[in-house]
1. Per residue, how much space in cubic angstrom lies within the convex hull of the C-alpha atoms of segment 109-161?
2. Which order, highest average first, do 23-33, 62-72 follow once you tally other Cβ atoms within 10 Å for each residue and take the mean per peptide?
3. How many nm separate the modelled label positions at Ala274 and Glu129, each set 7 Å beyond the Cα in the direction of the Cβ?
4. Mind listing which GluC sites (Glu not before Pro) in segment 1-42 are in a DSSP loop and have 15 or fewer other Cβ atoms within 10 Å?
5. What percentages, rounded to whole numbers, describe P(r) for segment 5-92 computed over all alpha carbon pairs with 5 Å bin width beginning at zero?
6. Accessible area of Asp270, 1.4 Å probe, to the nearest 10 Å²?
7. Mean-square fluctuation check for the chain, GNM, Cα pairs under 10 Å: which of Pro57, Pro269, Pro148 is largest?
8. What is the packing order of peptides 6-12, 82-88, taking the mean over residues of other C-beta atoms within 10 Å and listing the highest first?
Amino acid sequence: MSTAVITLNKGRRPHLTRLLEGLARGTAPDACIVVEIGDDEAPFPPLPFAVTRVPFPRAGLPLAAARNAGRRAAGADTLIFLDVDCIPSAGLVAGLSRAVAEHDGLVCCEIGYLPAGAVADDWDAAGLERLGQPHPVRAFPPAGAVAPAPQPGLFWSLAFAVRATTYDRLGGFDEAFSGYGAEDTDLAFRADRAGVPILFLGGPRAYHQHHPAYDPPLQHFRDIVANAARFHGRHGLWPMDGWLDGFARLGLIAADRSEGIKIHRDPTPDEMAAARLPDDRPF
């Protein structure tokens with residue numbers, strides 16, 4: 001079965017370069033699709049697999065639409081969606097491909113979160129393994145094992161694999177989710193409803209390269225509010241509730257969401273600055 005890695009890039013060229021280096025150091029995919037949301041046209045380094053650039057210039061981060069564009073450009077049996085901030089371990093492509101061949105589901109791998117300054121141009125696998133911190137609320141099975149996720153809300157789109165036929169049967173990501181937030185949780189809930197399990201694969205990891213982060217993510221305030229309302233209308237519960245509670249504490253939205261989200265105002269530059277996490281925080 002053929003395998004394609006799909007990633008999105010908008011202003012993250014150094015991170016993208018390390019992702020491609022990681023793919024070249026392990027079992028390579030048959031192809032890599034790079035969906036360029038920004039204006040990066042620089043050539044790629046020589047690689048032992050085909051790389052296809054898909055121009056997709058858009059404002060903001062249209063994650064659902066861009067991932068679907070990547071799928072349309074991929075002619076493979078197995079799709080591996082890898083966030084541009086992730087460096088794949090040497091066994092990631094082979095491990096996810098094998099898991100998808102054996103299990104018809106959305107298969108997530110473990111992520112090791114790297115602190116600022118952890119990845120230099122001469123990075124090595126041992127350093128990533130030593131520095132990568134696991135996510136505190138996602139427990140993975142032993143290496144090589146596949147286990148159901150405790151609930152579909154724990155699905156993450158940072159690094160997951162799926163059969164192309166299953167992705168198409170689910171309709172891919174819903175492009176009505178505009179910009180950032182909840183598009184991946186919506187996919188997981190629809191998959192669960194369709195009998196497609198959310199699975200965790202133990203063993204191979206992807207290492208998330210550090211970038212500035214905010215808690216709550218005020219830079220995506222309007223997207224999160226709109227997408228949360230859309231998700232609630234479809235599934236009957238509020239996604240990203242911790243972030244919505246954070247918005248309410250700042251007075252950006254009403255605390256009572258019983259009749260929907262009432263927006264009071266947008267975040268100020270000072271609030272944005274205060275929400276930025278220290279660089280020594282891995283996630």
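1. 118 Å³
2. 62-72, 23-33
3. Distance between label points: 4.4 nm.
4. Glu41
5. Calculated over all Cα pairs of segment 5-92, the distribution is 3, 15, 29, 28, 18, 7, 1 percent.
6. We get 130 Å² for Asp270.
7. Highest fluctuation among the options: Pro269.
8. Descending packing order for the listed peptides: 82-88, 6-12.
The values are calculated or read from the model by the stated rules, or taken from the named source; none is laboratory data. Just so it is clear, the model here is predicted, and its values are computed rather than measured. As a convention, Cβ positions derive from the backbone with ideal geometry for all residues, glycine included, and neighbour counts pool all protein chains shown. Surface accessibility is based on the protein's heavy atoms, side chains included, excluding ligands, DNA and RNA. Shrake-Rupley method; radii C 1.70, N 1.55, O 1.52, S 1.80 Å.
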